[in-house]
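**Student:** I have a structure I would like to understand better, so I am pasting it below and will then ask my questions one at a time.
The values are calculated or read from the model by the stated rules, or taken from the named source; none is laboratory data. Quick caveat: nothing in here was measured; it's all calculated off a predicted structure. FYI the Cβ positions are ideal-geometry reconstructions off the backbone, even for glycines, and counts take in every protein chain you see. When the accessible area is computed, the model is the full protein with side chains, heavy atoms only, and any ligands, DNA or RNA have been set aside. Shrake-Rupley method; radii C 1.70, N 1.55, O 1.52, S 1.80 Å.
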Amino acid sequence: RLQERRSLRAAAAASLRLRPPAAACGPPTNQFNAWHRKTHRKSAPAAEEPARSSMLSAAFYVCAAARLLSTATADPEAMIAAAGNVCPDGWSKITSVAACRAAMDLVGYNGEEYKGDEDESSWPSGCYFCDDVGGCQDGFWFNEDTKGAAKGKAQPVCGKGLEPLSDTTSILFMGDSDVDYWQTQGYDRSHNVAVGGYTCKDVFRETDAMLDAFGPGLEWVVLVCGENDIAYGTKPSKAFKRFKSIVDEVVATGARLLYMGTKPEPSTKSMWDEYREYDELIREYATSLADAGADPPLVMVDVYPAFETLGNPNSFYRRDKLHLSSEGYALWDQWATLALGDSSGCVRWLGGACDDEPSPEPSPEPSPEPSPEPSPEPSPEPSPEPSPEPSAEGSDGKPTPRPTTEGTCVDDDPDWRARKCGKKKCDCAWVGSSKRRKKKRCRKKKDSNGVKARDACCATCSPATHVRDMIEMFQV
């Protein structure tokens, strides 16, 4: 699966090189959107609402300049080398945490697989990878020891043309799982260091270091954060203060910040009012920073009302009704590319068009549908699935709210059993029996039908349960 993902990413990057920081340009081409749907095995809906069709057609403008051509400089590369403490000829050890995080994205791993840094002479120097290595938690590590040593099956991560990062970066993607799971390698001279589960507080904690590492040629930071803050109980006003601190850090370097707004996720209806309040604060701040005649330092793609106008179908989301599907990300690509390439000074983008009106669409109720049905969806859920199939891919990226929404998977499947585990009853209770091994079991263990533990053991493998386990372990 890793090799398949890497080859798909490489093919996409080779077939289409987007250069958003250049002159004004439209969104990615139809080929790019087709690639998104093909790689994620998602198809476009059979029929679209008139409003949706018009907004999508507006978003399909193509750059007049030849943006499909790659730059003359070679693209940065990364690889996971064979076990040991050396890199192959032509490849170099990675020398910083930031480069290690960037390399993880290049080799096809999510940011949440980064486990931390250390200073140990008995492990490989620089960035290295563990998978079933004794004494090492699975994932990526950065060792500050400059010499290091081979250790079991630990594999060094090597780069080519990756450092210095400032020479290879114009756009830096940061934030939570919405950015972590976003296939951003089609954006030329970009790196993605987002981490699933991050709050604005987490992002701010490392913003200064990341700006130092990826600057001074940095032109844009693309940011998504705030939803997790609210999910953890933070008030929108406080989440906004954290967001504002990040913006101020970025703008102080001369770079600009593009914010992708909150989403009306079907599984977070209890927080929709707070999402809208949070976005409104950001709209007002972006407008206040804008100076007539100059490029606005903070630009917003207002995702929430745009998704509502398009009907906010379930096809915009993965099966967990929380994270974006390939169809949802295709819209993000179109809108983000428009905003990054704009030279008109637009502050707020709505559905592929500039909308700098001072007040957002009035939407006091999350559901204007007068139907007596309990679901506030604009239309009844098209596919509640014949069986109550549990949650979805990427579910460890965000704290799942309490299950108050109809159709949300909340319980463990009592009939699920892991295969090849060497025990008589490897059920969901066994998956959660070890706090240290639970996350790996949720991600890797399958039953005889190929159903993963994370999709069958919803209660055991939920992010909220994992967070509680981690807190208990650290307290001990």
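**Student:** Let me know the charge dipole size of segment 93-250 about its Cα centre in debye, to the nearest 20, where only the beta-carbon of Lys, Arg (+1) and Asp, Glu (-1) is charged. All intermediate terms of the calculation are to be shown ahead of the outcome.
**Tutor:** Details: 15 positive and 27 negative charges, 35 e Å.
Roughly 160 debye for segment 93-250.
**Student:** Applying 1/(1 + (r/R0)^6) with R0 = 41 Å to the Cβ-Cβ distance of Glu77 and Ser121, what FRET efficiency is obtained, to the nearest 0.05?
**Tutor:** The formula returns an efficiency of 0.90 here.
**Student:** By per-residue mean of other Cβ atoms within 10 Å, what is the highest-first order of 82-89, 161-168? Mind dumping the intermediate values first?
**Tutor:** On the way: 82-89: 14.1, 161-168: 17.8.
Going by the mean number of other Cβ atoms within 10 Å, highest first, we get 161-168, 82-89.
**Student:** Let me ask you something else. Report the net charge of residues surrounding Leu165, where surrounding means a beta-carbon distance below 13 angstrom and charges are Lys +1, Arg +1, Asp -1, Glu -1. Don't skip to the end; give the middle numbers.
**Tutor:** On the way: positive: Arg101, Arg189; negative: Asp105, Glu163, Asp167, Asp212.
Result for the local shell: -2.
**Student:** Output the peptides 192-203, 299-310 sorted from most to least packed, where packing is the average of other Cβ atoms within 10 Å over each peptide's residues. Walk me through the numbers before you get to the answer.
**Tutor:** Working: 192-203: 23.8, 299-310: 21.9.
Per-residue mean Cβ counts within 10 Å order the peptides as 192-203, 299-310.
**Student:** While we're on this one: To the nearest 10 square angstrom, what accessible area does Glu118 show with a 1.4 Å probe?
**Tutor:** About 40 Å², ignoring ligands and nucleic acids.
**Student:** Please compute the modelled spin-label separation between Glu280 and Ala294, points set 7 Å along Cα→Cβ, answer in nm with one decimal.
**Tutor:** Here the answer is 2.9 nm between the modelled labels.
**Student:** On to the next question. With each label point set 7 Å from Cα along the Cα-Cβ vector, what nm distance links Asp132 and Lys238?
**Tutor:** 4.4 nm
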